[in-house]
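The values are calculated or read from the model by the stated rules, or taken from the named source; none is laboratory data. It should be emphasised that the depicted structure is a prediction, and the values quoted were computed from it without experimental measurement. Here the Cβ positions follow ideal geometry from the backbone for every residue, glycine too, while neighbour counts run over all protein chains shown. Calculation scope for accessible area: heavy atoms of the full protein, side chains included, ligands and nucleic acids excluded. Shrake-Rupley method; radii C 1.70, N 1.55, O 1.52, S 1.80 Å.
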Amino acid sequence: MKIVVEFSSPNVAKKFHVGHLRSTIIGNFIANLKEALGHQVTRINYLGDWGMQFGLLGTGFQLFGYEEKLQSLQHLFERLGIYFDEYSGESFYREKSQEVLKLLDSKGLLQKTIKGTAVVDLSGNGDPSSICTVMRSDGTSLYTTRDVAAAIDQMDKYNFDTMIYVTDKGQKKHFQQVFQMLKIMGYDWAERCQHVPFGVVQGMKTRRGDVTFLEDVLNEIRLRMLQNMASIKTTNELENPQETAERVGLAALIIQDFRGLLLSDYQFSWDRVFQSRGDTGVFLQYTHARLHSLEETLGCGYLNNLNTGCLQEPQSISILQHLLRFDEVLFRSSQDLQPRHIVSYLLTLSHLAAVAHKTLQIKDSPPDVAGARLHLFKAVRSVLAHGMKLLGIIPVYRM
């Protein structure tokens, strides 16, 4: 299946705002998940209106400034480990939205008001709550018209089976109107368009006060994580503590965000993000790094032995049963596009691994038992890494 996911939607004229963080990490998760399930995914970043300030700069901006802005956006996506296949934006659809208006007019759907604006009755029966304004009195188009034009364009370009828009829940009505308008224009594929709404994050502050920019959050994460890691004695051996700190910190941020329903608003808390105990991203990364070091120190001696008959203990059995559920969890997540199923699965897996790590000795066991146990831990680490990558987390190997 061909799936288009549109997410992130920053405003090019402004610095990347923290409000886009949720759209970015959720859209990335959905795209990763659909890709992992074998679909062909196109990731689109729809850049917000360039507005008045760029209108004044005219073509000069397009010639010189745009590239530079895009690079700073791309740099932030790289720090988040996220990429896009295409950048599009409202400005690309100014002309195309005029075509949409002509088409609406030719179908007899466009009504002029006394004020000179043009509206469309989406209900078809004069229901006032279904009246949607599509053109200002000066003839310029509005968001809805432009989004309709963009959707038609994406369909022409990608011939998608599903189109997923990831934006905050405040835009729910807007997308209902866009899909409804496509439907009355005769595009039956409007049924295959879907809006994934999410709640807002409250209380994101850095030490310098209220935070508005994503860059500040990423820097703060790195700083706090470095301080946390400095208090642990093994950290000194890291080749790149800055990078590790950022990856662990991002894992903490993403897990806090993805634990509940996407639609819920949640109160952001630095303390909760960086708890080293409990169900956090730090715990997932720590488990992954610990299992990796187990493979590294003992792997060469025991990995040649694999006799699964040796895995008889209840701890081994519960891990094996849990590993077998991974596909089912991915399927559930792909049904409702909620990452929380994967999050709770990975946290449980990490808890099971922590218990097993204490009780299932490898070093002093007979070779076939040691080999079977090490393979079990290796399977846990690989599923943990795969699950984290789906959520947009880059696993760390040392911590």
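Can you tell me the accessible area per residue over the range 112-203, all protein chains present, probe 1.4 angstrom, in square angstrom?
On the way: 4350 Å² over 92 residues.
That works out to 47 Å² for each residue.
Residue 344 to residue 99: extension gain in nm, 0.36 nm per residue of separation minus the Cα-Cα distance? All intermediate terms of the calculation are to be shown ahead of the outcome.
Working: separation 245, 0.36 × 245 = 88.20 nm, distance 4.74 nm.
Computed gain between residue 344 and residue 99 is 83.5 nm.
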Exercise. Taking 0.36 nm per residue of separation and subtracting the Cα-Cα distance, what length does fully extending residue 323 through residue 382 add?
Worked result: 20.2 nm
For this session: Could you check how much of the accessible area of the range 276-399 is carbon and sulfur, as a whole percent, using a 1.4 Å probe?
Result: 54 percent
Exercise. Given H placed on each backbone N at 1.01 Å, which residues far from residue 195 in sequence or on other chains put an amide H within less than 5 Å of it?
Worked result: 165
Exercise. Which stretch or stretches of the range 333-356 have amide N atoms under 18 Å from the point lying 7 Å from residue 261's Cα along the Cα→Cβ direction?
Worked result: 333-344
For this session: Give, as a single signed number, the net charge of other residues whose beta carbon lies under 15 Å from the beta carbon of residue 124, with Lys and Arg counted +1 and Asp and Glu -1.
Result: 0
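Quick one: which of 2/115; 96/172; 115/157; 34/358; 34/112; 2/112 span more than 32 angstrom between C-alpha atoms?
Over 32 Å Cα-Cα: 2/115; 115/157; 34/358; 34/112; 2/112.
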For this session: Provide the FRET efficiency to the nearest 0.05 for the residue 355-residue 389 pair, computing r from the beta carbons and using R0 = 35 Å.
Result: 0.90
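Taking 0.36 nm per residue of sequence separation and subtracting the Cα-Cα distance, how much length would be gained by fully extending the chain between residue 300 and residue 242, in nm to one decimal? Don't skip to the end; give the middle numbers.
Details: separation 58, 0.36 × 58 = 20.88 nm, distance 3.01 nm.
17.9 nm is the gain from fully extending residue 300 to residue 242.
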Seminar exercise, completed: If every Lys and Arg gets +1 and every Asp and Glu gets -1 at its Cβ, then about the Cα centre the range 240-316 yields a dipole, in debye to the nearest 20, of 100 debye
